[in-house]
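Chemist: The structure under discussion is supplied below as structure tokens; questions concerning it will follow.
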Amino acid sequence: MTAQDRGVPVPEDLVTEIGKDELAERLDDPTLTILDVRSAGEYSGEAGAPCDRRQGHIPGARHIDVQELMQLRRDEILERLGPSDAEIAAYCHSGSRSAVAVQILRAAGYAARNYAGSWHEWSRDGSLPAEAGTPRR
């Protein structure tokens, strides 16, 4: 649960988290890019943590492994993800790798937010959709 979800006022420019409910509501929102920063195997569903009830990724999510993201220059990030005025919601397995990714993306000029619950939370909710397959770049 984010500070916003708890009713704590947070200045708009400091909002760095997105919750499960907002993300689920915005799956078809063309103004939001969902970015999975786990390994390709975790994204495809071929690998993953045994604690997750399902394997795969959030539908429509693009993929850049955080290890790769850390090595990209700003111009390469822009080439991969598009204009820096885009809003990005990053996630991983438990929110740690995606927190690092959000810092990199914000430094590149994106309005990036971390889904702290990440795949660990999403995979446990059977009412939420999931996909498996080759990473979308």
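The values are calculated or read from the model by the stated rules, or taken from the named source; none is laboratory data. Not measured: the values here are computed from a predicted model. Virtual Cβ from ideal backbone geometry, glycine too; neighbours counted across all protein chains shown.
Chemist: Could you tell me which residue of the stretch 28-48 is modelled with the highest pLDDT, considering only residues that are among the hydrophobic types (A, V, I, L, M, F, W, C) and farther than 15 Å from residue 86 by Cα?
Modeler: Top of the filtered list is 37.
Chemist: Can residue 104 be described as farther than 19 Å from residue 60 by Cα and in contact with a Leu (Cβ under 9 Å, 6 or more places away or on another chain)?
Modeler: yes
Chemist: Same structure, new question: Among the listed residues 64, 58, which satisfies the condition of being among the β-branched types (Val, Ile, Thr) and in contact with a Lys or Arg (Cβ under 8 Å, 6 or more places away or on another chain)?
Modeler: After applying the criteria, what remains is 64.
Chemist: Can I ask one more? Being basic (Lys, Arg) and in contact (Cβ under 8 Å) with a residue 60 or more places away in the chain narrows it down to one residue among 73, 54; which is it?
Modeler: Exactly one of 73, 54 is basic (Lys, Arg) and in contact (Cβ under 8 Å) with a residue 60 or more places away in the chain, namely 54.
Chemist: May I ask you to list pairs of residues, at least six apart or on different chains, whose Cβ atoms are under 7 Å apart, with the first in the stretch 20-33 being β-branched (Val, Ile, Thr) and the second being in a loop (DSSP other than H, G, I, E, B) and at pLDDT below 95?
Modeler: Final answer for the pair search is 33/86.
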